[in-house]
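The values are calculated or read from the model by the stated rules, or taken from the named source; none is laboratory data. Fair warning: this is a prediction, and the values are worked out from it, not measured in the lab. Cβ placement follows ideal geometry from the backbone for every residue including glycine, while neighbour counts extend to all protein chains displayed. Side chains included, ligands, DNA and RNA excluded: accessible areas come from the protein's heavy atoms. Shrake-Rupley method; radii C 1.70, N 1.55, O 1.52, S 1.80 Å.
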Amino acid sequence: MAKLSELVDRIDTEAKEGNRKKALLMIDKLLEKVPDNRQLLSRKEKYEKEYGYEKRIIALEDKYGIASE
């Protein structure tokens, strides 16, 4: 199994590429194996906020007909 730091790096890479939903799924799977890890919990909270913002922006763009590029 990969080291925790390597997995966290992969999660961060996914999030930076705009795949926050996938990053959150990866964190959830990892938290099953390493529950109550502060590093993972703080990342999960951060990415949940960012994913929420992303969803709101997409909804507003759809509502007002603005296409994102």
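A compact table of results
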{"read-out": "Matching residues, the stretch 28-69, being open to solvent by 50 Å² or more (accessible area, probe 1.4 Å), within 15 Å of D9 (Cα to Cα) and either touching a residue at least 24 places away in the same chain (Cβ under 8 Å) or not in a helix (DSSP H, G or I) (or both)", "value": "Q39, R43"}
{"read-out": "L25 vs. criteria open to solvent by 50 Å² or more (accessible area, probe 1.4 Å), of a type in the set (A, V, I, L, M, F, W, C) and modelled with pLDDT under 90", "value": "no"}
{"read-out": "Residues satisfying the stated conditions in the stretch 11-22, i.e. surrounded by 13 or more Cβ atoms within 10 Å (Cβ to Cβ), of a type outside the set (K, R) and free of Cβ contacts under 8 Å to residues at least 12 places away in the same chain", "value": "N19"}
{"read-out": "The stretch 1-10, subset assigned to a helix (DSSP H, G or I) and exposed (fewer than 11 other Cβ atoms within 10 Å of the Cβ), residue modelled with the lowest pLDDT", "value": "S5"}
